[in-house]
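J.: First the structure, then my questions, so here it is.
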Amino acid sequence: MTAYDVVRPLLFSLPAETAHNFGKSALGLLQSSSVSRRAVRRLYRVSDPRLTVERFGVEFPSPVGVAAGFDKNGEVTHGLADLGFGFTEAGTVTPAPQDGNPRPRLFRLPEDGGMVNRLAFNSQGAERVRDRFAARGLPDVPVGVNIGSMNDSDAAAAIEDYRTVFRTLYPYPDYFVVNVSCPNTPEEYNEQSPEHLRRVFGTLTEENDEDKPLLVKVGPDSTRAGLEELVDIVHEFDVDGVVATNTTTDHEGLTSHNRVEWGGVSGRPLRDAATRTVRTLAGLTDLPIIGVGGVDSAETAYEKIRAGASLVQLYTGFVYGGPSTAKRINTGLCDLLEADGFDSVEAAVGVDVE
Ligand SMILES: Cc1cc2nc3c(=O)[nH]c(=O)nc-3n(C[C@H](O)[C@H](O)[C@H](O)COP(=O)(O)O)c2cc1C
């Protein structure tokens, strides 16, 4: 029994977005004092060389990171690092502030171990996030920034949106992710079409003077042919990796009361589709893959790693698991590696790929 087992029912009695904001404020408070930061780090960080992974020129102390959406405006990067996550991804950040969809727009699926959301890029905008990074600095683990376009942008305006966020935040993160797979933003055009992707990568590559790692985030519902096409374009533009996957619009098989809410499903119901996407991608490219979707334990993280992910991320598993989530997964991963005779995470990456 952990303290979170006691706190969770209270948090879960609040509307999901209110609980999320409450949790983030608590983390904000913890990261505001060096005394509490030291105490949190001592409690939750697992330091083990077997967990270290290096990809696209960045060293990650653990392969277990926080997925985009949890810290949309980069407010708690230090707190998340203190909790033992090996990296964190801020965003999605849009060029200007925008509200996203009206509330309620985030729902728990407790019986399914998932969540459904239709937030649609609520963001404080790139300048606020830049000012925050400039004022507070960044933690001692890698931080990525996930970039997106305004909800009312057409295909041409979206390219300029990506350019603006990229330019505004350029000096700060260790890597960028272009988000072309949010199921909740208006669909005026196909974000994952080859023509659009070529324009996006063409523009960002041109802007990328210092060769910052640039990745792309895909959805879980792509066909093999769609992924083959994507990988060809990724290779053509020297994109550094793929984040797989975003949430799914597939509500099939959900049993929780909130299954009728429209939006993207995350957590356990997404796990298999995300792992399949990781495995397919790993069979198509040697580029780094960040596996995300339904990771909530050492076993589910290890499954993604064996399927070809060199790094994993989670959001929903953290909401259900609480502050000790990263520690539990990091410790458990070391045990799983040992049981299978691997001397590092690196040695286990992709062993299940045919
Ligand atoms: C409430 C919520 C908000 C999210 N916002 C974003 C976002 O802004 N950008 C993004 O790329 N992904 C976003 N995601 C998707 C997550 O990054 C992740 O891809 C997905 O939730 C699957 O991981 P999980 O099963 O561990 O939650 C969001 C997910 C949730 C649950």
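The values are calculated or read from the model by the stated rules, or taken from the named source; none is laboratory data. Note that this is a predicted model, so its numbers are computed, not measured. Heads up, the Cβs are rebuilt from the backbone with ideal geometry, glycines too, and the neighbour counts pull from every protein chain shown. Just the protein is used for accessible areas: all its heavy atoms, side chains included, with ligands, DNA and RNA removed. Shrake-Rupley method; radii C 1.70, N 1.55, O 1.52, S 1.80 Å.
J.: For Glu338 and Asn21 in one chain, what is 0.36 nm times their gap in residues minus the Cα-Cα distance, to one decimal in nm?
T.: Length difference between fully extended and current span is 110.3 nm.
J.: Follow-up. Taking 7 Å along the Cα-to-C-beta vector as the label spot, tell me the Thr52-Val260 distance in nanometres, rounded to one decimal.
T.: Distance between label points: 5.4 nm.
J.: Full extension from Glu229 to Glu299: what is 0.36 nm times the residue separation minus their Cα-Cα distance, to one decimal in nm?
T.: Values: separation 70, 0.36 × 70 = 25.20 nm, distance 3.08 nm.
Using 0.36 nm per residue and subtracting the Cα-Cα distance, I get 22.1 nm.
J.: Of the accessible area of segment 3-348, with the probe set at 1.4 angstrom, what percent is carbon plus sulfur?
T.: Here carbon and sulfur together make up 49 percent of the probe-accessible area.
J.: Once you've got the GNM for the chain with C-alpha springs shorter than 10 Å, pick whichever of Ser13, Ser222, Ser123 has the biggest mean-square fluctuation.
T.: Per the Cα network of the chain with a 10 Å cutoff, Ser13 tops the list.
J.: Can you list the residues of segment 135-151 with backbone N under 18 Å from a point 7 Å past the Cα of Arg41, pointing along Cα to Cβ?
T.: 136-143
J.: Ignoring everything except DSSP H segments at least 4 long, calculate the 222 nm mean residue ellipticity for the chain; use -39,500 (n - 2.57) per segment, divide by total residues, nearest 500. Present the calculation step by step, with values, prior to reporting the outcome.
T.: Details: 13 runs with 143 residues, N = 354.
Rounded to the nearest 500, it is -12000 deg cm²/dmol.
J.: Tally Lys/Arg at +1 and Asp/Glu at -1 over every other residue whose Cβ is under 9 Å from the Cβ of Thr255; what's the total? Could you put the intermediate results ahead of the total?
T.: Working: positive: Arg259; negative: Glu111, Asp112.
The answer is -1.
J.: How large is ³J(HN,Hα), in whole Hz, for each residue of segment 342-348 in order, when computed from phi with the Karplus curve 6.51 cos²θ - 1.76 cosθ + 1.60 and θ = phi - 60°, using x for Gly and Pro?
T.: 3J(HN,Hα) across segment 342-348, in whole Hz: 9, 8, 6, 4, 3, 5, 9.
J.: A further question follows. Show me, for segment 36-44, the HN-Hα J-couplings you get by feeding each phi into the Karplus relation (A = 6.51, B = -1.76, C = 1.60, θ = phi - 60°), rounded to Hz, glycine and proline as x.
T.: 5, 4, 4, 5, 5, 4, 4, 6, 10
J.: Taking the Cα centroid of segment 76-149 and of segment 282-354, what is the distance between the two, rounded to the nearest whole Å?
T.: Measuring centre to centre over Cα atoms gives 22 Å.
J.: If amide H atoms are built 1.01 Å from N in the plane of the peptide, which residues on other chains or at least 5 residues away come under 5 Å of the amide H of Gly125?
T.: Those qualifying (amide H under 5 Å, at least 5 residues apart or on another chain) are Thr94, Gln98.
J.: What does the charge count around Arg38 come to, taking other residues whose C-beta lies under 12 Å from its C-beta (Lys +1, Arg +1, Asp -1, Glu -1)?
T.: Values: positive: Arg37, Arg41, Arg42, Arg45; negative: Asp82.
Summing Lys/Arg as +1 and Asp/Glu as -1 gives +3.
J.: In addition: Between Leu109 and residues 5 or more places away or on another chain, which pairs have amide H atoms under 5 Å apart, with H built 1.01 Å from N, and which residues are they?
T.: When sequence neighbours closer than 5 places are left aside, the close amide H contacts are Gly114, Met115, Val116.
J.: Now for a separate question. Show me the ranking of peptides 165-175, 248-258 by mean Cβ neighbours inside 10 Å, starting with the highest. If you can, show how the numbers build up before the last one.
T.: Details: 165-175: 20.1, 248-258: 14.8.
Highest mean packing first, the order is 165-175, 248-258.
J.: Compute the length gained on full extension between Glu59 and Val7: take 0.36 nm times their separation in residues and subtract their Cα-Cα distance, giving the result in nm to one decimal. Could the numbers behind the result be given before it?
T.: Working: separation 52, 0.36 × 52 = 18.72 nm, distance 3.41 nm.
Between Glu59 and Val7, full extension yields 15.3 nm more.
J.: Here's something else I'd like to know. Suppose we keep just the DSSP beta bridges with both residues in segment 3-348; what percent of those would be antiparallel, to 5? If you can, show how the numbers build up before the last one.
T.: Numbers: 13 of 41 bridges.
Rounded to the nearest five, the antiparallel share is 30 percent.
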